[in-house]
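Accompanying notes for the structure given below.
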Amino acid sequence: MIQLFQQHQIRRTQDLSGIWDFKVKDKPEKYQITVPGCWEQVPALSTYRGQGIYSRTIVISELTNLRLVFKGISHTAEVYFDNQFIGRHYGAYTSFDLIVPQVKAGQHQLKIVVDNRFSEQSALHVPNDYYTYGGLTRGVVLEYLSDTYLQALTFTSHLQADQQWQAELTATIVNLAAQTKSLTLAWTLADQRYQQTVTLAANSQQKFTWSADFPEVTAWSPQTPQLYFLQAELIQSAQKLDDLIERVGFREVTMKQTQLLLNGRPIFLKGFNRHEDYPGVGCSLPLALMNRDLDLLEDLGANAVRTCHYPNDELFLDLCDQRGFLVWEENHARGLSLAQMENPNFDRQSAACIQEFIPAHYNHPSIIIWGLLNECASQTAIGRKKYQKQFKQIRQLDQSRPVTAATRQHFTDLCLDLDDIVSVNMYSGWYDDHPVAAQLDQEYAWIQHAGGDNKPLIISEFGAGGIYGDHDYFAKSKWSEERQVEIIAANLETYLHDERITGVFLWQFADCRVTEQEWFATRPRTYNNKGVVDEYRRPKLAYSTVKKYYHEK
Ligand code: ADA
């Protein structure tokens with residue numbers, strides 16, 4: 001399963017989830033491995049970093065153009081169809097597709113060589129404060145494509161002065177055929193229908209639009225996460241050739257000076273940073289565990305999640321859409337130094353990630369903020385140019401959402417003027433012992449002169465480490481659950497009562513595995529231990545502290 005709803009009623013699709021053959025490159029041992037999944041789930045491979053080969057047979061029932069959709073391979077993939085190389089992809093957190101034209105009926109072989117090594121070739125996956133797993137970590141499907149097919153639909157809603165909703169829609173249609181095609185494009189959304197005749201030149205791709213008022217719809221919000229199916233069909237001489245279904249919500253995100261507004265009303269974000277990580281399954285969480293994370297977040301009184309520090313599995317975004325969570329989704333990058341940003345592959349790999357995830361996730365109503373370049377070299381002139389480039393690229397792809405970059409370059413950041421929302425990561429009480437309120441005042445004063453005035457302000461990270469089960473009631477020594485409570489409470493007490501702040505994202509929801517290389521000295525257990533639940537989601541003392549604060553706000 002790659003989405004929580006059926007995307008096609010006409011196009012034939014087959015889910016390739018299941019057990020695949022797997023072997024480590026140049027080693028004889030063979031494994032039966034789960035897809036989606038990480039190879040770290042195999043005991044012998046729990047720390048393996050290298051290349052692995054996935055293979056399986058697929059059976060095609062009729063001559064067709066075949067489309068293979070990979071929702072996430074960590075981190076580099078080379079794909080072979082019947083032993084022919086058909087494509088390569090870098091980056092674990094974005095989906096990609098490959099089309100094999102005119103595939104004959106019968107058995108075929110699919111082979112994917114996956115690599116999760118760190119090297120100069122990889123600018124974004126580097127040893128980091130989270131783990132880069134290996135494997136086909138998100139779903140894989142195959143589709144039977146007609147010569148002319150719907151590649152994408154986008155939906156943008158706008159609340160007009162008379163409080164009625166208006167929407168702009170686009171359909172991207174691809175014609176693989178060597179002849180011009182003339183077809184009917186039929187749209188359906190919220191009981192309204194619209195048809196248009198579309199003509200596509202041979203081997204071309206084109207966008208078509210529909211714009212309409214929707215006076216009867218219910219707005220999407222955390223309280224009423226109302227969703228609608230947007231369906232488009234391609235019809236030729238009364239024969240339905242192809243279709244695509246998206247699930248959308250009518251909602252609008254705007255800003256008024258320092259306020260962030262949803263559907264014209266100010267919102268306050270009570271959020272958590274969450275990594276995709278769970279013992280045994282690595283970054284490849286099954287739906288049940290994703291949904292349980294949201295059960296816990298709801299119980300904690302949170303209304304927002306930040307997908308630090310990469311685009312998330314679309315199933316999780318679907319859950320957020322239907323459960324009414326607000327999402328800050330982030331481009332892939334964490335804590336890259338200037339030298340790392342100057343890796344010759346950095347610009348290209350970052351641009352590819354943005355180009356892939358923003359259009360792919362554009363229709364999710366839950367996503368209200370795009371983030372980029374968490375804690376990278378925003379204090380340098382070269383870094384600023386790279387920030388500018390990413391802000392520009394995101395805004396070209398989407399003008400309907402604010403864009404931000406979480407910084408920890410206190411008093412030296414050169415990029416706050418680029419943000420729509422200023423976001424700062426502050427670890428008062430953990431990495432320093434300054435009083436929270438005084439530190440916030442200093443930070444705020446600096447923000448006003450550094451290009452961040454008159455913008456919403458989010459505390460995008462704050463928190464403290466606490467090792468599950470480590471108690472020190474009296475001295476509250478570092479890493480004890482008691483010390484974690486003390487620090488988190490002091491931060492929340494200040495931020496939640498300060499009118500200058502629009503939202504907070506606690507670091508972090510659950511403990512997560514980190515890369516041993518470069519991180520072993522500062523991360524006990526090779527984990528980032530700042531979760532309010534541990535990696536198995538067992539609540540620490542801080543759980544009830546946050547729950548109290550979030551429910552009272
Ligand atoms: C950073 C970073 C997080 C995490 C956190 C920490 O601010 O953005 O990914 O590393 O600090 O735990 O120190």
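General observations
- Residues that are within 16 Å of the ligand (Cβ to nearest atom) and either over 27 Å from Gly264 (Cα atoms) or in contact (Cβ under 8 Å) with a residue 40 or more places away in the chain (or both) are absent from the stretch 343-363.
- Any hit, the stretch 177-197, residues being surrounded by fewer than 16 Cβ atoms within 10 Å (Cβ to Cβ), at pLDDT 95 or above and among the aromatic types (Phe, Trp, Tyr): yes
- Residue count, the stretch 130-172 (criterion: hydrophobic (A, V, I, L, M, F, W, C) and within 28 Å of Glu216 (Cβ to Cβ)): 10
- Subset of the stretch 237-247 (residues that are surrounded by 15 or more Cβ atoms within 10 Å (Cβ to Cβ) and either farther than 29 Å from Glu143 by Cα or more than 24 Å from the chain's Cα centre (by Cα) (or both)): Lys240, Leu241, Asp242, Asp243
For (1) free of Cβ contacts under 8 Å to residues at least 40 places away in the same chain; (2) of a type in the set (Gly, Ala, Ser); (3) within 16 Å of the ligand (Cβ to nearest atom); (4) touching a helix residue (DSSP H, G or I) at 6+ places or on another chain (Cβ under 9 Å), each residue gets a yes or a no:
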site	(1), (2), (3), (4)
Lys385	yes, no, no, no
Ile394	no, no, no, yes
Ala405	yes, yes, yes, yes
Gln448	yes, no, no, no
Asp470	yes, no, no, yes
Lys476	yes, no, no, yes
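- Taking the criterion of being of a type in the set (D, E, K, R) and closer than 18 Å to Val174 by Cβ, the residues of the stretch 207-260 that qualify are Lys207, Glu233, Lys240, Asp242, Asp243, Glu246.
- Looking only at the stretch 508-553, and only at residues there that are among the small types (Gly, Ala, Ser) and more than 13 Å from the ligand (Cβ to nearest atom), the one that is modelled with the lowest pLDDT: Ala521
- Some residue of the stretch 437-456 being more than 26 Å from Phe509 (Cβ to Cβ) and acidic (Asp, Glu): yes
- Candidate set from the stretch 438-467 (those that are within 15 Å of Ser423 (Cβ to Cβ) and hydrophobic (A, V, I, L, M, F, W, C)); member that is farthest from the chain's Cα centre (by Cα): Trp446
- All positions within the stretch 407-421 that are of a type in the set (Val, Ile, Thr) and either surrounded by 21 or more Cβ atoms within 10 Å (Cβ to Cβ) or within 13 Å of the ligand (Cβ to nearest atom) (or both): Thr407, Ile421
- Selection count where residues are modelled with pLDDT of 95 or more and either of a type in the set (S, T, N, Q) or away from the ligand (no atom under 12 Å from the Cβ) (or both), scope the stretch 422-434: 5
- Residues (of a type in the set (Gly, Ala, Ser) and in contact (Cβ under 8 Å) with a residue 60 or more places away in the chain) located in the stretch 236-286: Gly249, Gly264, Gly271, Gly280, Gly282, Ser284
- Here the stretch 459-468 is the region considered, the condition is being among the small types (Gly, Ala, Ser) and outside any loop (DSSP other than H, G, I, E, B), and the residue that is farthest from the ligand (Cβ to nearest atom) is Gly466.
The values are calculated or read from the model by the stated rules, or taken from the named source; none is laboratory data. Just so you know, these numbers come straight off a predicted model, no measurement behind them. FYI the Cβ positions are ideal-geometry reconstructions off the backbone, even for glycines, and counts take in every protein chain you see.
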